[in-house]
1. Going by how many other Cβ atoms sit within 10 Å of their own, how do Lys16, Lys60 line up, fewest first?
2. What's log10 of I(q)/I(0) for the chain at q = 0.19, 0.20, 0.22 Å⁻¹, Debye sum over Cα points only, no solvent?
3. Which residue, Ile33, Thr22, Asn43, has the largest displacement toward the positive end of the dipole of the chain when charges sit on each Cβ (Lys, Arg +1; Asp, Glu -1)?
4. So what is the calculated 222 nm ellipticity per residue for the chain, using -39500 (n - 2.57) for each DSSP H run with n of 4 or more, over all residues, to the nearest 500 deg cm²/dmol?
5. Expressed as an acute angle from 0 to 90° and rounded to the nearest 10, what is the orientation of the C-alpha long axis of helix 17-29 relative to the principal long axis of the chain?
6. Let me spell out the model: positive unit charges on the Cβ of Lys and Arg, negative unit charges on the Cβ of Asp and Glu, origin at the Cα centre of region 8-56. What dipole size does that give, in debye rounded to 20?
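Read-outs throughout are calculated quantities, based only on the coordinates presented, and are distinct from any laboratory measurement. Just so you know, these numbers come straight off a predicted model, no measurement behind them. As a convention, Cβ positions derive from the backbone with ideal geometry for all residues, glycine included, and neighbour counts pool all protein chains shown.
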Amino acid sequence: MKNSLMSMSDKILLRKRSVIETVNDELKNICLIEHSRHRCFSNFISNIVAGLIVYSFLPKKPSIKYQTSHTNQLAVF
């Protein structure tokens with residue numbers, strides 16, 4: 001990756017990449033979201049919605065504790 005300036009929220013999410021990849025893996029393998037040969041758009045949407053509903057009922061879901069705070073202070077670098 002090319003070095004570039006990143007915001008603090010991007011740095012935090014980059015550290016949590018393993019959790020995000022875990023969620024993607026669960027959605028693909030357990031909830032069977034990844035199917036690339038749908039014949040119409042409504043079948044595609046119904047498959048995605050059904051997979052997300054199944055994921056919402058899973059007992060253990062990984063999570064990221066992420067809070068933002070907005071202040072009126074100016075940051076000078």
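1. Lys60, Lys16
2. -0.92, -0.96, -1.03
3. Of the options given, the answer is Thr22.
4. -15000 deg cm²/dmol
5. 10
6. Approximately 120 debye in magnitude.
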